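Asks: My structure is below; once you've seen it, I'll send some questions.
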Amino acid sequence: MKITKQDEYGLRILLRIARADDDQGLTIAQLSALENMSKPYAGKVTRMLRLAGYIRSTRGQKGGYVLAFPATSILIKNVLTDMGSELFAPEYCKEHRGPIKLCTRSVDCSIRSLWKIIQLTMDEVLDKVTLADLIGEDGSESNALDQLFAQRVATQEMT
């Protein structure tokens, strides 16, 4: 999966908003400062997240952005897809064609199946990971995935 800067900032902004204690949410200025990005860029990313339905704005002098749904119902795969991430896209083959309209490797392409299976595997994992899984139980940086990764590493070291 090709994760762009925009995709990563989209996830980071969602995590910041999910961790925020304030019912009014976080402003673009706050998100910009917390993630060390320009205000216009923070505005662009929050707009994408809002249009995709992940966040909504609260009104008033202390208004900001809050999650539109509980963090437990926001799948990371959906966020990345809505932000534009995709490892293998059929359009990829169009970029590697010769003078003919088909991919020059379409008959004997041994790589396409690799990209497809990697995409499928990542999709299977990301279909199970929610925004809540990336947030520590106490709102800290440590989360369930960190614990799962540590267990897997420990298991592999034993074998």
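Asks: Kindly flag which residue pairs out of Lys2/Lys62; Lys2/Lys128; Lys5/Lys62 have an alpha-carbon separation exceeding 31 Å in this structure. Walk me through the numbers before you get to the answer.
Replies: On the way: Lys2/Lys62 36 Å; Lys2/Lys128 19 Å; Lys5/Lys62 29 Å.
Pairs exceeding 31 Å: Lys2/Lys62.
Asks: Let me ask something additional. For Val153 and Arg112, calculate 0.36 nm times their separation in residues minus their Cα-Cα distance, and state this gained length in nm to one decimal.
Replies: 11.8 nm
Asks: Could the peptides 43-50, 62-69 be put in order, highest first, of the mean number of other beta-carbon atoms found within 10 Å of their residues? Don't skip to the answer; put the middle values down first.
Replies: Numbers: 43-50: 18.8, 62-69: 16.8.
Sorting 43-50, 62-69 by mean packing, highest first, produces 43-50, 62-69.
Asks: Largest first, please: the extent of the C-alpha atoms of the stretch 1-63 along each principal axis, to the nearest Å.
Replies: 38, 23, 20
Here, each number is a calculation from the coordinates, and none is a lab measurement. Predicted model only: the values in this text are computed from it and were never measured. When we count neighbours, we look across all protein chains shown, and the Cβ atoms used for this are built from the backbone with ideal geometry, even at glycine.
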